[in-house]
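To start, the structure itself, in structure tokens.
The values are calculated or read from the model by the stated rules, or taken from the named source; none is laboratory data. This is a predicted model, so every value here is computed, not measured. Cβ coordinates were reconstructed from backbone atoms using ideal geometry, including for glycine residues, and neighbour counts include every protein chain displayed.
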Amino acid sequence: MHTMLKPVSPSSLKIFRTVVQWRDFRRTLPPDQPLAFVPTMGALHEGHGSLVKLAGEIAGGGGHVCTSIFVNPTQFGPGEDFARYPRPFATDVELLTQWGAQSLFAPEPEEMYPRSGPAVTVDPGPYGAVLEGASRPGHFRGVCTVVAKLLHIIAPTHLLLGQKDFQQQFILKKMMADLNMPVQVITAPTLREADGLAMSSRNRYLSANERPRAAAIYAALSQAATGIRSGSRSAEAVAWQLQKTITAAGLTVDYAAAYDPTTLEPYVQEITNPCVLLAAARLGSTRLIDNVIV
Ligand code: PAF
């Protein structure tokens, strides 16, 4: 897909490596215009592209679209993929330019965490301990801390997040409401490959043999959503069917069930409105997550 890119002038994307450099530039932007911000860890795909393009619509003619690339060490647990997380910086810069981003904040870890790690961090509360947080202890503390830092540095008016990381956007919205952060959060729909697999930077870990099987998660979620919409309301039956379908494709299910999207509580008996189906499963060494709002 990247080979289809038109050549671009790298000078059309301003790259900032330090907080001081960015803040000097931020002061030159009109204070009364939107600044739409898309934080990423790089290894960009069309899902990020849709967020950057939406940011462009929000910024309009007079505003600004800022992105960041920072593989945040504090949100990876011991034994997770921090060291091998892909870092194709030159390709990412090319893509961001194509998508219309105007600036990129891309600090080194020492710039974000000068004294190795922060002594003061943001507690994600009880929502950080369930689902992804149960499998990845400390993950959402790391996410909340780095996003709080990025918001203080970039000072955007709008923050764009993907729906694929449902729990992440849920917790970050709570953080911003509870800590009175004056930023409007926009959650954009998940982009999918032709077979339904949610686009993710981690999909590039999948082997040729694993890749077709990864689509089983979305197939199971869509099938369950259709069933719920046509009246299947048993939470137990939905969870059982989801787990059976995903397992049959050779994945190891971490969780797959119906949840209340306003509380992240699982439905235990009858599924009522509202409902989100959340799933996480492992395929080889790759952990995949996805969701469908019913
Ligand atoms: O979703 C991500 O890419 C990361 O969790 C984020 C929000 C950029 C924080 O590091």
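Yes or no: Asn291 in contact with a Phe, Trp or Tyr (Cβ under 6 Å, 6 or more places away or on another chain) and either modelled with pLDDT of 95 or more or at positive phi (or both)? For Asn291, the condition - in contact with a Phe, Trp or Tyr (Cβ under 6 Å, 6 or more places away or on another chain) and either modelled with pLDDT of 95 or more or at positive phi (or both) - is met. The residues listed here are Ile186, Ile171; of these, the one that is surrounded by fewer than 20 Cβ atoms within 10 Å (Cβ to Cβ), of a type in the set (A, V, I, L, M) and either within 11 Å of the ligand (Cβ to nearest atom) or within 16 Å of the chain's Cα centre (by Cα) (or both) is Ile186.
Going through Pro118, Pro114 one at a time, which residue ends up being touching a residue at least 24 places away in the same chain (Cβ under 8 Å) and not in a strand (DSSP E or B)? It is Pro118.
In the range 92-111, the qualifying residues are those that are part of a helix (DSSP H, G or I) and touching a residue at least 60 places away in the same chain (Cβ under 8 Å), and the one that is surrounded by the fewest Cβ atoms within 10 Å (Cβ to Cβ) is Glu111. On inspection, Ala198 passes the criterion of being closer than 24 Å to Ala134 by Cα, touching a helix residue (DSSP H, G or I) at 6+ places or on another chain (Cβ under 9 Å), in contact (Cβ under 8 Å) with a residue 40 or more places away in the chain and hydrophobic (A, V, I, L, M, F, W, C).
Here's the yes/no breakdown for (1) in contact with an Asp or Glu (Cβ under 9 Å, 6 or more places away or on another chain); (2) buried (at least 16 other Cβ atoms within 10 Å of the Cβ); (3) in contact (Cβ under 8 Å) with a residue 24 or more places away in the chain; (4) outside any loop (DSSP other than H, G, I, E, B):
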| site | (1), (2), (3), (4) |
| --- | --- |
| Val238 | no, yes, yes, yes |
| Leu242 | no, yes, yes, yes |
| Gly250 | yes, no, yes, no |
| Ala258 | no, yes, yes, yes |
| Thr262 | no, no, no, no |
| Val268 | yes, no, yes, no |
| Leu278 | yes, yes, yes, yes |
| Ala281 | yes, yes, yes, yes |
| Leu288 | no, yes, yes, yes |
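Put simply, of Leu161, Leu131 the only residue that is on the phi < 0 side of the Ramachandran plot, at pLDDT 95 or above and either out of contact with any Phe, Trp or Tyr (no Cβ under 9 Å at 6 or more places or on another chain) or crowded, with 19+ Cβ neighbours inside 10 Å (or both) is Leu161. Scanning the range 126-151 for residues that are within 14 Å of the ligand (Cβ to nearest atom) and either under 14 Å from Val183 (Cβ atoms) or part of a loop (DSSP other than H, G, I, E, B) (or both) gives Arg136, Gly138, Cys144, Val147, Ala148, Lys149, Leu150, Leu151. The condition (being under 28 Å from Ala55 (Cα atoms) and outside any helix (DSSP H, G or I)) is satisfied by just one residue among Gly231, Gly196: Gly196.
Residue-wise test of (1) within 15 Å of the ligand (Cβ to nearest atom); (2) touching a residue at least 40 places away in the same chain (Cβ under 8 Å).
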| residue | (1), (2) |
| --- | --- |
| Arg17 | no, yes |
| Val20 | no, no |
| Asp24 | no, no |
| Asp32 | no, no |
| Ala43 | yes, yes |
| Leu51 | yes, yes |
| Ile58 | no, yes |
| Gly62 | no, no |
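Total residues in the range 10-44 satisfying the condition of being in a loop (DSSP other than H, G, I, E, B) and surrounded by fewer than 15 Cβ atoms within 10 Å (Cβ to Cβ): the figure is 8.
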